[in-house]
1. So, in segment 431-485, how many residues would count as being under 24 Å from residue 108 (Cα atoms), out of contact with any helix residue (DSSP H, G or I) (no Cβ under 7 Å at 6 or more places or on another chain) and not in a strand (DSSP E or B)?
2. Might you let me know whether segment 69-82 holds any residue that is out of contact with any strand residue (DSSP E or B) (no Cβ under 9 Å at 6 or more places or on another chain) and surrounded by 22 or more Cβ atoms within 10 Å (Cβ to Cβ)?
3. Going by what's in this entry, would residue 448 be described as touching a strand residue (DSSP E or B) at 6+ places or on another chain (Cβ under 7 Å) and farther than 26 Å from residue 250 by Cα?
4. Just the residues that are within 16 Å of residue 417 (Cα to Cα) and surrounded by fewer than 24 Cβ atoms within 10 Å (Cβ to Cβ), please, taken from segment 470-502.
5. Condition first: in contact with a helix residue (DSSP H, G or I) (Cβ under 6 Å, 6 or more places away or on another chain) and closer than 30 Å to residue 494 by Cα. Can you find one or more residues in segment 85-101 that meet it?
6. Tell me which strands (runs of 3 or more DSSP E) are completely within segment 63-150 and hold 1 or more residues being under 30 Å from residue 383 (Cβ atoms) and at pLDDT below 95, or say none if there are none.
7. Residues that are within 24 Å of residue 157 (Cβ to Cβ), modelled with pLDDT under 85 and either touching a helix residue (DSSP H, G or I) at 6+ places or on another chain (Cβ under 6 Å) or in a strand (DSSP E or B) (or both): does segment 26-36 have at least one?
8. Is it true that residue 8 is at pLDDT 90 or above, surrounded by 15 or more Cβ atoms within 10 Å (Cβ to Cβ) and under 27 Å from residue 370 (Cα atoms)?
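The values are calculated or read from the model by the stated rules, or taken from the named source; none is laboratory data. Remember, predicted model here, so these are calculated numbers, not experimental data. Every residue, glycine as well, gets a Cβ built from its backbone with ideal geometry; the counts of neighbours run over all protein chains shown.
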């Protein structure tokens with residue numbers, strides 16, 4: 001998720017395989033779900049994984065059986081000698097895990113936990129019973145993919161630092177994620193043999209391109225024997241950006257167009273004209289940030305754009321849910337982030353037995369989103385930089401790129417995401433620019449779920465550069481449209497065409 005300013009929602013600010021394969025979903029198998037106390041192991045032992053190639057890092061893991069006892073799980077920490085500890089939770093695929101790809105999922109914020117994505121959107125279990133239980137998710141993304149959910153940067157979710165030190169920029173976290181993957185593959189080499197997908201939502205659209213670039217760079221170094229040969233080559237297959245915050249110079253100026261002319265218009269007339277004037281100033285400031293790339297330039301740009309656009313009085317008076325423009329947001333009724341279930345996530349992950357099962361220190365207090373981490377990134381203007389910049393090299397090297405967005409999201413709206421992707425320079429640029437939207441229907445039901453533009457597919461696969469607008473979905477599309485999001489993700493990782501229906 002993306003964190004918005006206090007007055008906007010009267011809360012704390014968050015910036016918020018084989019062509020013949022058949023996609024099936026809607027798993028109905030029921031496992032003995034229950035309260036955390038019923039599932040927790042009586043005794044837990046941690047295993048430690050180290051590498052001489054990454055002496056500053058250690059992987060500490062245990063094997064929980066909560067959430068989805070039917071699949072193999074690992075959870076624990078990447079311990080870093082600087083006193084940082086990054087939490088992860090891994091689930092094997094429900095079907096053919098030895099052949100399934102591996103997907104790393106990241107939520108955004110900055111400062112929001114990927115456990116929200118796990119329990120609120122697309123993981124094997126979903127939060128229920130006001131945070132005292134979980135239920136089986138028949139549309140979990142781990143049906144056809146092994147999944148890792150990682151809390152990063154430090155001090156987000158279950159991740160913590162020994163001395164309270166923080167990370168306040170995207171680049172610093174990319175190398176930590178690469179080291180995590182290397183140690184994970186050392187412990188589980190079977191997963192290194194399959195395709196790897198990096199999926200990220202919201203501010204994850206800022207994180208993921210830089211992380212993918214780091215993986216690609218290290219793969220090149222390995223190919224040229226510039227690093228020790230016992231380092232694992234990571235089979236980076238694709239980058240998936242979900243309602244991402246990626247190219248602010250292109251995305252921010254489109255906010256008035258979305259609010260005034262999008263599928264759910266809420267502003268009109270002079271209000272639209274006034275907001276367009278603000279957006280033009282915002283774009284000029286972002287352009288200066290792109291050119292100079294200094295916190296002294298980017299920080300003020302970020303402050304102006306968020307305050308003037310998201311706290312625009314005619315918009316603010318509407319009391320809208322910034323994650324779903326179709327809805328109102330009452331923090332007293334819905335919680336600080338407009339969804340009561342996110343409060344339930346906090347309740348469940350602060351349970352003594354859940355922490356014990358996952359190998360989490362009992363004194364650690366879980367929060368779905370950290371305002372302190374968010375403010376650190378905001379002060380540096382981290383979100384005003386062009387995170388689309390690393391993507392052309394990746395696409396030209398054969399890494400596939402999927403950008404999808406729910407059409408009811410306000411901040412990271414689908415119009416802005418489609419616009420930056422359409423101007424992205426890469427080998428498929430002209431083909432994508434000339435492409436037209438086609439209907440996307442869910443394979444199993446035939447229901448039209450959105451629209452697709454793609455390049456590089458020739459109609460036989462999901463394409464190399466693909467944009468999907470998800471109908472009737474907000475910022476968290478797997479929450480609003482779980483069946484559709486599952487269909488999209490599964491067809492993408494299997495590289496099946498998205499415009500074929502039954």
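1. 7
2. no
3. In short, yes.
4. Listed by number, the list holds a single entry, 471.
5. Checked segment 85-101: at least one residue is in contact with a helix residue (DSSP H, G or I) (Cβ under 6 Å, 6 or more places away or on another chain) and closer than 30 Å to residue 494 by Cα.
6. Hits in segment 63-150: 73-80, 84-91.
7. yes
8. For residue 8, the condition - at pLDDT 90 or above, surrounded by 15 or more Cβ atoms within 10 Å (Cβ to Cβ) and under 27 Å from residue 370 (Cα atoms) - is not met.
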